[in-house]
Structure formats: structure tokens, C-alpha cells
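The values are calculated or read from the model by the stated rules, or taken from the named source; none is laboratory data. These figures come from a predicted structure and were not determined experimentally. Here the Cβ positions follow ideal geometry from the backbone for every residue, glycine too, while neighbour counts run over all protein chains shown. Accessible surface is based on the protein model in full, side chains and every heavy atom, while ligands, DNA and RNA are left aside. Shrake-Rupley method; radii C 1.70, N 1.55, O 1.52, S 1.80 Å.
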Amino acid sequence: MARGEKVLTVEKLSIDYISRRGPVQAVRNVSFDLYAGENLCIIGESGSGKTTMGMSLVKLSPPSAVIKKGTILYTLGGKEYDVRSMSEAQLRAFRWKEVAMVFQGALNAFNPVIRIKKQFLDTGWAHNMKDNKEILRRSEELLRFVQLDPKRVLNSYQHELSGGMKQRVLIAMSLLLNPKILIMDECTSALDILTQRTIINLLKKIKEEMGIAFIFVSHDLSLAAELADRIVTIYAGRVVEMGTTEDIFKNAVHPYTRGLIKATPTVTGNEEGLTSIKGTPPDLIRLPAGCKFNPRCEFPTTQCYQEEPELVSIGKDHYVACLKADQSRD
Amino acid sequence: MPAFLRRLAKNFLLRRLLAMFATIFLVVTLTFFMVRLMPGNPIEVYINQQMSLTGISYQEAQNQAASLYNIDLTSPIWVQWVDYMKKMAVGDFGYSFSSPGTPVIKMIVDYLPWTIFSVGISIFISFILGIFMGMYIAYKRGGWMDHILSSFASITSSVPNYLVGILLLIFFGVQLRIIPFSVMRGTAPAGVEPGFSLEYLWGIFAHAILPMLTYIISTIGGWILTMKNTTMTTMGEDYVLVAKARGLKESRIIVHYVGRNAILPLFTTLVMQVGLLIGGSPLIETIFVYKGIGYALSNSLAQRDYPVMQAIFLCITISVIFANFAADLLYSKLDPRIKSNVTE
Amino acid sequence: MSLNEILQLIRKDKVGMVGFFVLLGLILMSYVGPYVIPLDEVVRVDRIYEAPTLAHPLGMDNMGRDIFSEIVHGGRDVLTVAILTGVLSTLIAFFLGAFSGFIGGKIDTFIMWVVDVFLTIPRFPLLLVLAAVITLDNIYLLSGLLAILSWPPLARSVRSQVLSVKTRDYIEAAKLLDLGTYHIIFKEILPNLMGYVIINFIFSMTAAVYSQVGLIFLGLVPLSGQNWGLMIQMAWTRGAIFYTGSLAYILAPIIVIALFQWAAIAFSRSLETIFNPRLRGAS
């Protein structure tokens, strides 16, 4: 696809969690770019640090998460914003207006004691929309867009809505201020198959009609196959492979990415071919020496136990961090 | 069942109201049987006392007792019970033993308002201050304010309130002589015409200051600690994170997203506090000679004035039941989940 | 959770630790102390309200007797009532609550209705009225009465715990294996409720101290012997609060009782954080 201008640059981002046992290295030296109107999908197992990273993009990671180094730079409307050096007031104005985020916990995303209508208004007020009628008109329009009955939803409390409805309300709310970037963290994982389908179709529609850049954070490759332009796979807090959707599904190089593809039913098409990756995700406090994937890799060499591979380019937009990148290409 | 009846049966307010009257009915019945059937049945005791003291016949003594208790002692017990219930319903509690000729209802009308006044204001002040302090230290946890307030709260909330009362009296009244407690016995200033004059209002406040201070000191710690806990729990909820991501102002998040949700669990405790404070008032009011219903109860106990005792007990219980009801209504107003839970 | 783990966590919570040792100290003083320190019963008219000295660290009372020895001897009855009430009310609450939650249906509704009514009646005034009708002249009767009045809140909590535990998978599995209600209650549910029961036991202990000392203070229980509550009542009725010299006489029992209540509650709070991991993470 035609690539727009660059809107987000993440460079050498490292985040630790402070814990009693020592620092948890949730994100290690992650770099990637996001272009206008693009769908980027960040894939990794649960506990691989991807949610932490998603949160840090709008500086919302919990107090125990410390950004060790790296930059998060947005280029929006000709202006550059460095998220790490923004003041609280700047951040407040920036969040949701420029970058909105739909969370993993969408089922519990609304204040249980305030009507949905009030929460739409709250969002508008926080960003200097003074005209209540205008906020509500826009809210109703968006709710209709996500195929909900605006009158009913706006007058509801969150406990009166189903999980799928809440997810759609949150998506509608995320569009209220026309953000340039939408981060979606596991936005379908707590829902049943049919509802997941509705949400995915909805996201396709948003992509086609609104030209928003998306970052999907998910463990689900089949979601990426449907929605992503580019895919980043994360293992043990680090980018191990990055490429266009086609690169990843046709020519995946890293054994972890290949394992993920083999474990995804809708991608391989036939259920018999399904194999899951052996072993368990690594302990982020005591990472193995060398390549972090070596305990689970099928063909580790002695070098893999000594040296952690760098992310290197192996094609136009295709990067991989594997010492055997040359041999494992088909 | 017709549709309108089914709707009525599901009505939250109506159900609570019915439950309230059922409880009151039960409590009144219980007190009736407590006095009539207990091992040391006070009516028998009274009759025997009168016989031996004044040498009258059993019949005469029984008549006296019957007129004091408003009960016809010769009819079968269930008839007596129906009779008693009827009289209770119209507020006819009989006459006091110790001050003959005084209707019990008059004593209640004289004493009860003072307790409701002092306890009510104390709970209000304590609750408001407590939730603010609790929220404040939840946001500043680990700071010096947190350490001071948490320690203060953990000590004052565990010491029995009447001991707090005695300590206040000893230190402010006797040792430091800050509060002239001997002048402040009773509920209202002597020689000042009751009414909405500044002097009178100031007077009743001044007289209630020690009991109120006692109530406030002994309950505020609980509010502080509970509010700190619920605030900390609420701060970790997803909707607070989402509210931050939506760019809401910190003040709006604190009040409407954290505050409103953190206060909700405190309402069950509020109900308990009303019961505990009014229940503990016999001790506090005795210590400060504050002439409220609790003082009247402990006096009637000392004089074994059973009709008064029984009526005051009922009054206290009914006040607590009403307070429960009010707190429940308030809670259902604040938490939209309550009503739908009932109808589901 | 293993015992070792619990001890580890208690050690981390300093306030809970202090509470635990104060509690232990007061219990030791009250049950072992009387064998070590004899009760001073000699009336000395010349030493009334004497100030504290090394020999008499809390000074002398209104009859010239050593206050410290009275404090040592005055704890046993108070603590026995507290412990007995705790044990009895926990037993009643546990059995009724577990039974109610387990059996469900009409019986459950009835028991919970009784609990509701009990909870709305203010306990202390009811106790006062009962004390006027029944002569509470021994601590066992008093404990029994206090227990009967204090089981409902715990019973309700036990029931709700049972209801939540009941639906968990391993109970379902136990039911499928046909292990019997007895086995399910004692082997599966009880261990899960342990923390809960201990905390509520402490809670009913402190409530018992509040009520009994309150009753004694109002002169409604004709108990005899040494007792912290009686000491307060004596000091109060003798007007000890009005003299500077007699301060220790009234303060001493107030402070031990306050200390006991504080220690018990501080200890139970630290247990609460141990048994409730959600609080542990937050603090």
C-alpha cells in the first residue's frame, strides 16, 4: 500500500518493572515506526511485555514500570511531540485527542455509577468541547456507526450492557475526538467468536472510512492476518521479527514467528497441521543467556547460547533477530 | 398474580418498607415476651414488691401493675399481646415506675431528640472528614501525613468509645480545665429561652460538644482507614485507567471516578455506625450527664423502671431501623446497580 | 498457604508484629502474672493515691493498695470472657453459616432472616435490657449471653464465603466424587475459611471486651473479684477522675483495655492483609 508519512517513532525503548525479586525486563530495546493510516500489529504471548509497551505509548504505565531508556516521538499535524518529556497538562490534552486507546479491560472500562452519556460528555469536556448538543450528536453518530442504538446506550449504565456492546461503545468513544492513532490492546480476546467477528468487521470499516493509524496489540495472529499491514513479533520483551503481513505469513524467518503461525488455525487452514510451541514463556527477571528463545528453539547452535542476535534487515521492510536467519530462510 | 401487583412486589422501595415494618413488628413482639416470660419477670417482681412493701392484696398489686404496664394481666397471653401491640401502635407506652404519673411517651419525646441531634451531627462530621482524610492519604500514601493519620486512626478506632469519653473528661475537663464540664451537664443552657436565638443554639452545641467529640474521635479512624483501602482498590480499576487515557482532568477523576466508587462500600459501615453509636449512647451520655435517650435508659436500668426501659429500648431499635432504611435508600440512589439487582 | 509463609508475612508487617506481641504479653500477664505477683490487699490509710515509685510502678489506689498488682490480677476474667465469647460465637456462627449456605432453600432464607433481624437490633441496649432481667453474676453466663448476641455478622460472612467456595471447581469435583457434606465442609471449605474465621474470632473478642466493660461500668453485672472493668467503675464512682493524684488509678485500667483492643485489631488487620492478597499488593 501507499505509505503515508511517519506518525510515530519508537526508538530503543526499554522498560523495567520493579519487583521484590528484582527488575522485570518487560520491554527491551524495542524500535519500530508507524505510518499514517497504517495498521501495525504487535504480536506476542501473554506476559511478553506488549501491554506494558502499549501503555507506555501514552505514558500510562503503572508507577512500578520505569522507562529505562528510549524515545517515543509523535509527528502529528506537522508538530513533534516527545511523550517522555511532556508535562501532565500536555499529556492530558494529547491523550484521546491525538492517540486514543482501547484497552484489554474494556469490559470494566466504564465508571459503573455514571451513565454512558455522561462519560461521553466527560470526554468531550476534557478536550474543550463546550457544546453538549454537539458532543451528543457526534456520540450518537458514532454509536450508530458501531451498530448500536444510541438512545438506549447513552441512557444506560455499564452493567446494563453486554461485553460486546461495551467494547463497541468504547470504540465509538475512542473515535469521538477524531484521533490520528488508535491503540487497541487485546480488543477481542474476552469476547465470544460471533462478537469478535462483529468487532473485526467494524475495525475494517473504520480503517476504510476514517484513515486512522492503528496499533493492535494481540496474541492472536489470525487477527493480524485480517487487519494488519505490518506485523511485529515480540519475544521476551524484544522485537524478534518485523515485516509486512505478506513477509510474515509467507516468509517468516524467526523460529518463534514460524511457531506462532503453525499454532494459528485460520492461517494454516487445516486443523491437523496445528502444533503449539513447546516450552513456556521465559522468566523476565532471569532471562537465559544468549538468544532468549534458545530454550524453546528446535535447532539452537552453540552460538545461540552465547550471543543475543541484533535485529537486522533481510528484505525491503523485513527485519529479523536470529543468528541463523540465513539458513532458516526457505 | 396481576401485572400491577407483580410490579409492586418488585418495587425496591416498597420491599424495603415492608421489611422495615416486619422487623419493627417482630422487635415489639420480642420485647413483649421478654418482659412477660423471662425468668425474672419484672411484672411478678413488681407485684411481689408492692405486696410486701405496702401489705396490699395480690389483686390490688396486680391492678397497679396492670395500670403501669397498660396490660390486663388476667386475660390470656395472646389477648394481652394483641392489646399491647395496639397500644404500641398509637405510642401508648404506659407510665414510669420511678416518677409515677409521667407517661413514658413524654420522657421519650423529651430525651430522644437530643441523642438524634448529637449522634446525627457527629456521624455527619466524622464521615465527611474521614472520607476526605482517607482519600488524601490514599493519594499520598507513604508520606508523613499517611503515617500520622493511619496511626491515629488505628488507635482511636480500636479504643472503646466510652473510654475515649472518660479520657476526654479527665484531660480537657479536669486536668487542663479547658472545658467547664460541670456547667455543661444536661443538654441545654439553663435560663435561656429555647428557640432559634444564637445564644440558645450556641448553648446546645456547647453542651453537646464532649459527647460529639467522643463520637467523632472514636468513629473517624474507621472512616479514614476504610476509605484509604477502598480508594486504593478503586484507583487500580480499569475505568480509572481508561479515564486517564481519555485525558480527563485529575480533579474530575478523583471526585467522580475514584471518589464516588470508593465511597459506596462505606455505606454498609455507615448503617452499622448508626446502630453502634446510638447503642453506645447509654455509656457516653452517662459519662457526660447528657440528657439524651441513652442517659434515660441507663437511669431506668439503675432504678429497674421496666416500662421506661422497655419503651426506650424499642425507641432506640426503631431509630436504628429507620436509620438503616434511610442509608439503604441513599445507597440505592448512589449505586445504580442496586435497583436492577432487585428486579432481575 | 503454609504456616511458614504466614510467619514470613507477619514479620514484614511491623504494626501487626507489635500487636501480636502486646497481645501475647497481656495474655501472659493475666494468666501467669497472678502466680508471680501476689495481689496487694492491705489497706493503708496513710498511702492513699500515693504517686508511682519503683516498688509500686503505678502508685496506690483509693485504699492505699498497689495498683500494679490489681492490674495483673484484673485481666484474667476480662480475657476469659473475651476468649470464651470468641470461641462460642465463632462456633455458632460457623455452624449456622456453613449449614445455611450449604443447605440453601427455605431454611437458608429463614436463618438469614433471623440474622438480618439480629443485625438491626442494636446489641448493646439489648444487652442492657437483658442484664436487667437476668442476673449476670458469673463470667460464664456473661460469655454465653455475649456469644448469643454476637454470632450473626460472622454467620452471614461464613455463609457468603461458603456460597462462593461452593461453586468453585474443586467442590463440584468433591460432590461428583460423592464425598459427603461432612467431608466437604471440614476438608474442603474449612481450610479456605480459616483466615476469615480467625479474624472474626478476634473481632468478636474485642466486641466482648467493649460490651462487658460497658456493662460493668454501668453497674449492671454484679461480678466480684479483680477485674479491669470493675477498677474503672470503682475509680469513676469514687470520683477518682477529679484529683490529680488519683490519675494513675483510673488511667491504668483504661490503658490496658485500650492496649488490648488496639493490639487485637492491629494483629487482625495484618492477618487480613495476609489472607487477602488484593490488599497485600496495594499496601
Legend entry - Among A:K68, A:K262, A:K79, residue whose mean-square fluctuation peaks in a GNM of chain A (springs only between Cα atoms under 10 Å): A:K79
Legend entry - Accessible area per residue, Å², the range A:143-239 with all protein chains present, probe 1.4 Å: 33
Inset, instruction - Provide the packing ranking of A:250-258, A:128-136, i.e. peptides ordered by the mean count of other C-beta atoms within 10 Å per residue, highest first. - result: A:250-258, A:128-136
Inset, instruction - Of the options A:I212, A:Y17, A:P288, report the single residue whose Cα projects farthest towards the positive end of the charge dipole of chain A (beta-carbon charges: Lys, Arg +1; Asp, Glu -1). - result: A:Y17
Inset, instruction - Take peptide A:108-119, look around each residue's Cβ out to 10 angstrom, count Cβ atoms belonging to other protein chains, and average those counts. - result: 5
Inset, instruction - Calculate the length of the line joining the C-alpha centroid of the range B:103-120 to that of the range C:60-115, in whole Å. - result: 32
Legend entry - Accessible area (Å², 1.4 Å probe, nearest 10) - B:V45: 70
Inset, instruction - Please find the FRET efficiency linking A:T280 to B:L198, where r is the Cβ-Cβ separation and R0 is fixed at 56 Å, and quote it to the nearest 0.05. - result: 0.15
Legend entry - Neighbourhood net charge (15 Å Cβ-Cβ; Lys/Arg +1, Asp/Glu -1) for C:G64: -3
Inset, instruction - Please identify, among A:R168, A:R84, A:R20, the residue showing maximal mean-square fluctuation in a Gaussian network model of chain A using a 10 angstrom Cα cutoff. - result: A:R20
Legend entry - Estimated buried accessible area (total), pair A and B, 1.4 Å, Å² to nearest 100: 2200
Inset, instruction - Find which of A:T257, A:G70, A:L202 sits farthest along the positive direction of the dipole of the protein assembly as shown, computed with +1 on the beta-carbon of Lys and Arg, -1 on that of Asp and Glu, about the Cα centre. - result: A:L202
Legend entry - Cβ-derived FRET efficiency at R0 56 Å, A:K204 paired with B:R15, nearest 0.05: 0.70
Legend entry - Average partner coverage of B:279-291, which counts Cβ from other chains inside 10 Å: 3
Inset, instruction - Just tell me which lysines come within less than 29 Å, Cα to Cα, of B:K87; anything on the same chain fewer than 8 places away is out. - result: B:K106, B:K291
Inset, instruction - May I ask you to order A:215-225, A:229-239, A:8-18 by the average number of other C-beta atoms within 10 Å around their residues, highest value first? - result: A:229-239, A:215-225, A:8-18
Legend entry - Accessible surface buried once B binds C (1.4 Å probe; total of both sides; Å²): 3900
Legend entry - Rounded Å value of the spacing that divides the Cα centres of the range A:166-240 and the range A:56-81: 20
Legend entry - Rounded to the nearest 20 debye, dipole of the range B:104-343 from Cβ charges on Lys, Arg, Asp, Glu: 540
Legend entry - B:I318 paired with B:T29, simple spin-label distance in nm, labels 7 Å along Cα-to-beta-carbon: 1.7
Inset, instruction - Step through the residues of the range B:14-28 one at a time and calculate ³J(HN,Hα) from phi using the Karplus curve (6.51 cos²θ - 1.76 cosθ + 1.60, θ = phi - 60°), rounding each to whole Hz and writing x for Gly and Pro. - result: 5, 4, 5, 4, 4, 4, 4, 5, 4, 5, 4, 4, 5, 5, 4
Legend entry - Computed E for B:F205/C:L7 - FRET, C-beta separation, R0 56 angstrom, nearest 0.05: 0.65
Legend entry - the range C:21-142 - charge dipole about Cα centre, Lys and Arg +1 at Cβ, Asp and Glu -1, debye rounded to 20: 360
Inset, instruction - Of the options B:V289, B:F322, B:N299, report the single residue whose Cα projects farthest towards the positive end of the charge dipole of the range B:276-342 (beta-carbon charges: Lys, Arg +1; Asp, Glu -1). - result: B:F322
Legend entry - Spin-label proximity, A:K262 to the range A:308-324 - amide N less than 20 Å from point 7 Å beyond Cα toward beta carbon: A:320-324
Legend entry - Amide H contacts under 5 Å for A:I234, placed H, 5+ residues apart: A:I43, A:G44, A:V240
Legend entry - Placed amide H near C:G59: partners under 5 Å, 5+ positions off or other chain: C:T53, C:I67, C:F68
Legend entry - Karplus-derived HN-Hα couplings along the range C:75-83 (A = 6.51, B = -1.76, C = 1.60, θ = phi - 60°), whole Hz, x at Gly and Pro: x, 4, 5, 4, 5, 4, 4, 4, 5
Inset, instruction - Over chain A, calculate the relative contact order: mean separation of alpha carbon pairs under 8 Å at least 6 apart, over the residue count, as a percent. - result: 19
Legend entry - Whichever lysines have a C-alpha closer than 23 Å to that of A:K207, once near sequence neighbours (fewer than 8 apart) are set aside: A:K6, A:K50, A:K97, A:K166, A:K180
Inset, instruction - Summarise the partner chain shielding of B:323-329 as one whole number: the mean count of Cβ atoms from other chains within 10 Å of each residue's Cβ. - result: 1
Inset, instruction - Determine the distance separating the Cα centre of the range A:125-161 from the Cα centre of the range B:265-323; give it in Å without decimals. - result: 51
Legend entry - For A:N39, distant residues with modelled amide H under 5 Å away: A:F214, A:D229, A:R230
Inset, instruction - Taking the Cα centre of the range A:152-196 as origin, sum charge times position over the Cβ atoms of Lys and Arg (+1) and Asp and Glu (-1), and report the length of that vector in debye to the nearest 20. - result: 200
Inset, instruction - Please give, to one decimal in nm, the separation of the simple spin-label points placed at A:K130 and B:L176, each 7 Å out from Cα toward the Cβ. - result: 5.2
Inset, instruction - Run the quick spin-label model on A:R197 and C:S164: label points 7 Å from Cα toward the beta carbon, then report their separation in nm to one decimal. - result: 3.7
Inset, instruction - Output the peptides A:33-45, A:287-299, C:139-151 sorted from most to least packed, where packing is the average of other Cβ atoms within 10 Å over each peptide's residues. - result: A:33-45, C:139-151, A:287-299
Legend entry - Fraction of accessible area attributable to carbon and sulfur, the protein assembly as shown (%, probe 1.4 Å): 62
